[in-house]
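The structure appears right after this line, and notes come after that.
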Amino acid sequence: MMSHQTLKPSYYNFFFAHPQNAQQHIAYNAYTNALAVIDADKYDALQSFIENGDDLSDDDFRAQLKRSGFLIDDDVNELERIRFKMLKSRYNTDAFQLTITVTADCNFACAYCYEKEVIKHEYMTTETADKIFEIVKMQMPKISLLDVHWYGGEPLLNMDIILYLSEKFITLCKEHNVQYKARMVTNGYLLSSEYIEQINASQISMLQITIDGDKEIHDRMRPLLSGEGSYDVIMKNIAENIDQLPQISLRINVDKNNTDAAKKVSQQIKDNGWSHKVFPYLGRIRVDLDDESFTNCYCGSEFSLEELKYMHELDKDSMSQYPRLKHNYCGADCINSLTLSANGDIYKCWKDIGIVKNRVGALSMSQLDNERLFFDYMLYDPTTNETCSQCKYLPLCMGGCPLYRIEGVGDTCIKYKYFLNDYINHTVNHITAQQSAS
């Protein structure tokens, strides 16, 4: 049997008082994502082991703690474990992820749009689409999943190209026994039954739609190019086509002026019986402008508090708020993920689209033309960063948004850094309620 002294506590352990039972404690590990309820006597024994090195005499308890990652072998370097998983994920080529911007044009004039400086009447041609298809075709022998994100501007303005490429992708994936997954970011204004039929034919399984609170605020912040409001049409499209629509991830952008309105919209969705299709969540408006119109943006901790209040007040599904592990942060720091503009330029992040100095290549080129930026996205290692390497939330964050890091934007920490205890307690309460009901 292994000596008790060969074990040590994980650096990523968190311990909380049980929200309902004073004779129990909650343990959470951010490396394994394990959650445990521990009786008071066993918790005291564990703390004596951690703080004083006292013996853990309960073999079963010790084995459970090790299996869940709360205790680890004494020679384990957890930062090396995290770095290994990051590199494995970052350079994994089993999946090929494409964000395809089919047009740089848009029918909205959103006040805070980060793309507004690059919006133009540019539409992807079949020639550019065919070049994309050839790249995908070359990937087929190596991958098990093709993951496509349709993007814009407003992608529904160029639905013909989406249909054209979707048919080719679907056929190709069937021929090579490759899974196909497709999603779309749309403002929702053009979601008529005709477009929804085409979306379903393109096997797009999820739409992300953004609104800005209630009608009054939304129409001011997200008007049409003509200045007219867009809220009523978006909601009408959802109401009239709820049974035909794919799942909708409804991002409700908020600042300090419209959080209450966002909660009203979420309640309206629930009251309308749309909750099986429409999944609302709060999005944080972040604008780096010296403009008094945007002085009401939340900082990270403030926004995290609003998210928490939103979850409690609307009785959001607690399991959807349970922390999720990250191995690499997103597609921007993943080798097999590309973002393509309508003219065939290649970027790593979709927020770089249209900013020519931030492109890393083009479909017409045989090699990178911005190696410095490409390596900045791909080679950053948060496990060697002075701050991130010491952070107990690192496995949940992996250094935060790569673009914000490159641009030097501060305040990129995740919500769990501010309110992990609350999210864990909410999950424990949910599980306890389910057990009591069964």
* Can you tell me which residues in the stretch 208-222 are under 22 Å from the mean Cα position of the chain (by Cα) and buried (at least 21 other Cβ atoms within 10 Å of the Cβ)? -> Ile209, Ile211, Asp212, Gly213
* Take the residues of the stretch 186-207 that are crowded, with 20+ Cβ neighbours inside 10 Å and out of contact with any Leu (no Cβ under 8 Å at 6 or more places or on another chain): which is farthest from Ile162 (Cα to Cα)? -> Asn187
* Residue list for the stretch 333-377, filter: of a type in the set (D, E, K, R), under 26 Å from Lys142 (Cα atoms) and outside any loop (DSSP other than H, G, I, E, B) -> Asp333, Asp345, Glu371, Asp376
* Members of the stretch 237-247 that are free of Cβ contacts under 8 Å to residues at least 40 places away in the same chain and either in contact with a Pro (Cβ under 9 Å, 6 or more places away or on another chain) or exposed (fewer than 14 other Cβ atoms within 10 Å of the Cβ) (or both) -> Ala239, Asp243
* Structure fact -> When restricted to Gly331, Gly344, Gly354, the only residue crowded, with 17+ Cβ neighbours inside 10 Å, at pLDDT 90 or above, over 19 Å from the mean Cα position of the chain (by Cα) and of a type outside the set (Val, Ile, Thr) is Gly344
* Structure fact -> Expected single match for crowded, with 16+ Cβ neighbours inside 10 Å, farther than 30 Å from Tyr377 by Cβ and within 22 Å of the chain's Cα centre (by Cα) among Ala95, Ala45, Ala30, Ala34 is Ala34
* To do: Find all pairs meeting these conditions: Cβ atoms under 8 angstrom apart; at least six residues apart or on different chains; first residue within the stretch 191-215 and touching a residue at least 24 places away in the same chain (Cβ under 8 Å) and closer than 22 Å to Lys264 by Cβ; second residue surrounded by 18 or more Cβ atoms within 10 Å (Cβ to Cβ) and among the aromatic types (Phe, Trp, Tyr).
  => Ile211/Tyr231; Asp214/Tyr231
* Would you check which residues across the stretch 233-261 are within 18 Å of Met311 (Cα to Cα), out of contact with any Leu (no Cβ under 6 Å at 6 or more places or on another chain) and not hydroxyl-bearing (Ser, Thr, Tyr) and list them? => Leu250, Arg251, Asn253, Asp255, Lys256, Asn258, Asp260, Ala261
* **Enumeration of residues in the stretch 413-438 that are surrounded by 15 or more Cβ atoms within 10 Å (Cβ to Cβ) and part of a loop (DSSP other than H, G, I, E, B)** => Cys413, Ile414, Lys415
* Do you know which residues across the stretch 48-60 are loosely packed, with under 15 Cβ neighbours inside 10 Å and of a type outside the set (Asp, Glu)? -> Ser48, Asn52, Gly53, Ser57
* Structure fact -> Within the stretch 60-80, residues over 18 Å from Phe14 (Cβ atoms) and of a type in the set (S, T, N, Q) come out as Asn77
* Just give me the residues in the stretch 156-179 being more than 20 Å from Cys106 (Cα to Cα) and surrounded by fewer than 18 Cβ atoms within 10 Å (Cβ to Cβ), in sequence order. => Glu167, Lys168, Ile170, Thr171, Leu172, Lys174, Glu175, His176, Asn177, Gln179
* To do: Look through Leu250, Leu325 and report the one residue that is surrounded by fewer than 16 Cβ atoms within 10 Å (Cβ to Cβ), modelled with pLDDT of 90 or more and on the phi < 0 side of the Ramachandran plot.
  => Leu325
* Structure fact -> The condition from (1) within 30 Å of Ile135 (Cα to Cα); (2) of a type outside the set (Gly, Ala, Ser); (3) assigned to a helix (DSSP H, G or I) that Tyr380 misses is numbered (3)
* So which residues in the stretch 11-30 are closer than 22 Å to Leu325 by Cα, among the hydrophobic types (A, V, I, L, M, F, W, C) and part of a loop (DSSP other than H, G, I, E, B)? -> Ala30
* Of all residues in the stretch 255-285, how many are of a type in the set (A, V, I, L, M, F, W, C), out of contact with any Gly (no Cβ under 7 Å at 6 or more places or on another chain) and at pLDDT below 90? -> 1
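The values are calculated or read from the model by the stated rules, or taken from the named source; none is laboratory data. Small disclaimer: the values here were computed from a predicted structure and weren't measured. When we count neighbours, we look across all protein chains shown, and the Cβ atoms used for this are built from the backbone with ideal geometry, even at glycine.
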